[in-house]
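Laboratory data are not the source of any read-out in this text; all were calculated from the coordinates shown. Note that the structure is predicted; figures quoted are calculated from it, not measured. Here the Cβ is made from the backbone with ideal geometry for all residues, glycine too, and neighbour counts use every protein chain on show.
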Amino acid sequence: MELLAAAKHYWKMCTAIVVTCTLAAACVFGFVLKPQYEATSSIIVMDPSGSVSTTTLTTVVSDCVAQYGSAEGDSSIASSVGTGAKSQTVFITVEESSPEGAVRVANQAAQYAAEGAQDYFASLEERRQKVPAGDNNVVDGSDDPLLIQQQSERSYAFCDFIVKDATGASAAGVGVAKGTAIGFLLGFCVALCALVARLIRRTPVASKSSLEGMVVCAPVLQVAENGDGSDRLWAMLEFGVDASISSVALLPVDKANTEPLSNVLAAAARIDRQVPTPTFVACPAWCQSSAGAVSLHDADTTVVCVKRWGDSVRDVAATLNELSYMKVSVGAIALID
């Protein structure tokens, strides 16, 4: 509940952080980072004769795709292999800054890989046919790293590579919409962390309950900054002090403004027709100066003024301890909202 109350009080800070992160993410993903588009073509590889395994076929095709990717340089090209017993599919995925470019490069890569693999196995078949019967020297023991050793009577002529062109491209990566959403969530997390850090570093007075545990005798009353609600405060002071009140010291802990409160209390005293009319002395903030110590000593009672969300619990506790040591009569604590 205190965190929620702090969020309501520091809503401007939280809103500024969230808006800043959201706009920054929108600008980064919209203008700095170019949008990417993804297109996928495929090559179905098979050998109906069973002479060449699908693993060998897909290995050759994948190497051809890698060769094309190295030649392109600027394009992001990746290949993956599906599953299958008699045939397998090699998927070629390309990312480009335009959908047309992604489709074009994906199709070119598929054509290049299919033709390269077809030429490779055609050359093997040509070499195999030149080998005399029973001689495996050209095939077996070949230095070609991608060649699985086969008997010379088996053929490479039936290796087939079927290209399926990419027909369209889809948006890849984060995108502007997702990037903006990520920025919003990031801003929300940063605002929450900033809020928690602020509460931990300097725990502010959030409500009356933050003060009631510090004071045993003096009541805690919540009044508005313009003095609304101070009539009850005056009544508490009037009946809480045994003798007639001639002087009341208003002591702010640090951030509270006591001028409006002193004026309203003086008006309440005049309405009450107390004789003599008490004087209300607005002392300087205790955390900033001890110049009001004489006024505190001369006053019949003292009102400690605490600014809600402005003064810290630690400063209020220190002020009350010092006033207790000085034997200052604290008639009430005014929590100024």
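Hey, of (1) 61, 51, 39; (2) 132, 36, 31; (3) 60, 45, 37, which did the structure itself give for Cα extents along the principal axes in Å when calculated?
Read-out taken from this structure: (2).
Evaluate the distance, in nm, between pseudo-label points positioned 7 Å from the Cα of HIS297 and of SER207 along their respective Cα→Cβ axes.
It is 4.0 nm.
When the chain is modelled as a GNM with alpha-carbon springs shorter than 10 Å, which of ALA114, ALA267, ALA39 fluctuates the most?
Comparing ALA114, ALA267, ALA39 in a Gaussian network model of the chain, the most mobile one is ALA267.
How far, in degrees from 0 to 90, does helix 313-325 lean away from the longest principal axis of the Cα atoms of the chain, to the nearest 10?
Helix 313-325 sits roughly 20 degrees off the main axis of the chain.
List every residue whose amide H lies under 5 Å from the amide H of PHE280, counting only residues 5 or more places away in sequence or on a different chain, with H placed 1.01 Å from N in the peptide plane.
So PHE280 has HN proximity to VAL248.
For segment 184-337, just say rounded, prolate or oblate: build the C-alpha gyration tensor, square-root its eigenvalues into a ≥ b ≥ c, call rounded for a/c under 1.5, and beyond that prolate if a/b exceeds b/c, oblate if not.
Prolate is the answer for segment 184-337, as a/c is 1.5 or above and a/b outweighs b/c.
Can you tell me the orientation of helix 230-240 relative to the chain, as the angle in degrees between its alpha-carbon axis and the longest Cα principal axis, to the nearest 10?
50 degrees
Quick one: length gained pulling SER247 to ASP231 fully straight, 0.36 nm per residue minus the C-alpha distance? Can you show the working numbers first?
Details: separation 16, 0.36 × 16 = 5.76 nm, distance 1.66 nm.
Difference between extended and current length: 4.1 nm.
Which one, LEU335, PHE161, ALA16, is farthest towards the positive end of the dipole of the chain when Lys and Arg carry +1 and Asp and Glu -1 on their Cβ?
Working it through, the farthest residue towards the positive pole turns out to be LEU335.
Based solely on its DSSP helices, what 222 nm [θ] is calculated for the chain when runs of n ≥ 4 H residues each add -39,500 (n - 2.57) and the sum is averaged over all residues, nearest 500 deg cm²/dmol?
Taking each H run of at least 4 residues, the total per residue is -14500 deg cm²/dmol.
Amide H to amide H, which residues 5 or more places from ALA332 or on other chains are under 5 Å from it, using H placed in the peptide plane?
Under 5 Å from the amide H of ALA332: THR302, VAL304.
To the nearest 20 debye, what is the magnitude of the charge dipole of segment 4-127 about its Cα centre, counting +1 on the Cβ of each Lys and Arg and -1 on the Cβ of each Asp and Glu?
Here the size comes out at about 920 debye.
In the chain, if the dipole is taken from +1 on Lys/Arg beta carbons and -1 on Asp/Glu beta carbons about the Cα centre, which of VAL248, VAL196, GLY69 is farthest to the positive end?
Checked the options; the winner is VAL248.
Cα centroid distance between segment 1-66 and segment 257-328, in Å?
Using only Cα atoms, the two centres lie 61 Å from each other.
What size of dipole, in debye to the nearest 20, comes out for the chain about its Cα centre when the only charges are +1 on Lys and Arg C-beta atoms and -1 on Asp and Glu C-beta atoms?
Computed charge dipole of the chain: roughly 1300 debye.
Only Cα pairs within less than 10 Å get springs; with that Gaussian network setup on the chain, which residue of GLU38, GLU95, GLU259 has the largest fluctuation?
GLU259
If R₀ is 51 angstrom, what is the calculated FRET efficiency for the pair THR279 and VAL19, using the beta carbon separation as r and rounding to 0.05?
FRET efficiency, THR279 to VAL19: 0.55.
Going by alpha carbons, how many degrees (0 to 90, nearest 10) lie between the helix axis of 175-201 and the longest principal axis of the chain?
Around 40 degrees separate the two axes.
Would you mind telling me which residue in ILE271, ILE182, ILE77 has the biggest mean-square fluctuation in a Gaussian network model of the chain, where springs connect alpha carbons within a distance under 10 angstrom?
ILE271
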